[in-house]
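Participant: Below: one structure in structure tokens.
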Amino acid sequence: MSTPTHFKRRLASELASMAAEYGPAPVTRTPARRLHVRFTVAAVTAAAAAAAVVIPTVSGSGSAPAYAVTQQDDGSLTLEIRDTDGMSDLQDKLDELGVRAKVLEGDDRCATGAPPEAPGAHLRYPMTFSDADGPGSVHFDPDLIHENETLLIVVGTREDTTIRSLSSRLVTQVPACSVPNIGGGPPAHA
């Protein structure tokens, strides 16, 4: 299973601190116990990895996954888009999860520009952004998308299909195209 790099680092850090905090008291001569601790840490690592639902799609180049969706315990989602190769698969995954969202690649030449916001949308932002995780990483809460709305996610790209920007807007009608950088939510809280 492929997971985002920052997720692996955070998971390794948490597991190391858990092992240090809850591990057995050090004993002078117990090679068998150390072996047992290694198995315990491995079991905890496997369980923690299985607890997070990560659904990656590998890009056509065979390198890093084009995107990853991680479902959190509270029902919110963390979304990472690395390039546009997997955007149709990402849309399929969001549809499968029952999230009313539409992913579009931003088009600077879109004649309609930015779509109008849904009434009252400026009072709530289902999507928050984290500069620390890069331009393609966001966190969003599908419960903040009302029944008659769709979360429009617009991906701004560079010429090599890597992500330049990610923006969002709650809309009542999904447009055929949108300019990039249409707005979004506040920074994610650490």
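Participant: Take the residues of segment 79-100 that are within 21 Å of Glu149 (Cα to Cα) and modelled with pLDDT under 90: which is most open to solvent (accessible area, probe 1.4 Å)? I'd like the intermediate steps shown before the answer.
Facilitator: First, the residues of segment 79-100 that are within 21 Å of Glu149 (Cα to Cα): 79, 87-88, 90-100.
Checking the rest, the ones that are also modelled with pLDDT under 90 come to 79, 87-88, 90.
Working: Leu79: 2, Met87: 25, Ser88: 79, Leu90: 1 Å².
Among those that are within 21 Å of Glu149 (Cα to Cα) and modelled with pLDDT under 90, it is Ser88.
Participant: Answer yes or no: is there a residue in segment 161-175 that is within 12 Å of Ala101 (Cβ to Cβ), open to solvent by 30 Å² or more (accessible area, probe 1.4 Å) and assigned to a loop (DSSP other than H, G, I, E, B).
Facilitator: yes
Participant: If you scan segment 101-111, which residues turn out to be among the acidic types (Asp, Glu) and either open to solvent by 70 Å² or more (accessible area, probe 1.4 Å) or not in a loop (DSSP other than H, G, I, E, B) (or both)? Show your work before the answer.
Facilitator: Taking segment 101-111 first, the residues among the acidic types (Asp, Glu) are 105, 107-108.
Of everything in segment 101-111, those that are among the acidic types (Asp, Glu) and either open to solvent by 70 Å² or more (accessible area, probe 1.4 Å) or not in a loop (DSSP other than H, G, I, E, B) (or both) turn out to be Glu105, Asp108.
Participant: So, in segment 128-153, of the ones that are at pLDDT below 90 and either in contact with a Leu (Cβ under 7 Å, 6 or more places away or on another chain) or part of a strand (DSSP E or B) (or both), which residue ends up farthest from Gln71 (Cα to Cα)? First the steps, then the outcome.
Facilitator: If we filter segment 128-153 for residues that are at pLDDT below 90, which is where we start, we get 128-140.
Now drop any that are not either in contact with a Leu (Cβ under 7 Å, 6 or more places away or on another chain) or part of a strand (DSSP E or B) (or both), which leaves 128-129, 135-140.
Details: Thr128: 15, Phe129: 16, Pro135: 19, Gly136: 16, Ser137: 14, Val138: 12, His139: 10, Phe140: 10 Å.
Filtering first and then ranking leaves Pro135.
Participant: Does Ala111 fit the bill of being of a type outside the set (Asp, Glu) and either within 22 Å of Gly184 (Cα to Cα) or at pLDDT 90 or above (or both)? Spell out the reasoning first.
Facilitator: Numbers: of a type outside the set (Asp, Glu): yes; either within 22 Å of Gly184 (Cα to Cα) or at pLDDT 90 or above (or both): yes.
In short, yes.
Participant: Give the number of residues within segment 154-183 that are closer than 16 Å to Ala114 by Cα, modelled with pLDDT under 90 and more than 15 Å from the chain's Cα centre (by Cα).
Facilitator: Count: 4.
Participant: I'm trying to understand the selection: among the residues of segment 59-78, which are at pLDDT 80 or above and either crowded, with 20+ Cβ neighbours inside 10 Å or assigned to a strand (DSSP E or B) (or both)? Break it down into steps so the answer makes sense when it comes.
Facilitator: Filtering segment 59-78 down to residues at pLDDT 80 or above leaves 66-78.
Correct list: Ala66, Tyr67, Ala68, Val69, Thr70, Gln71, Leu77, Thr78.
The values are calculated or read from the model by the stated rules, or taken from the named source; none is laboratory data. Remember, predicted model here, so these are calculated numbers, not experimental data. Virtual Cβ from ideal backbone geometry, glycine too; neighbours counted across all protein chains shown. Heavy atoms of the whole protein, side chains included, go into the accessibility calculation; ligands, DNA and RNA do not. Shrake-Rupley method; radii C 1.70, N 1.55, O 1.52, S 1.80 Å.
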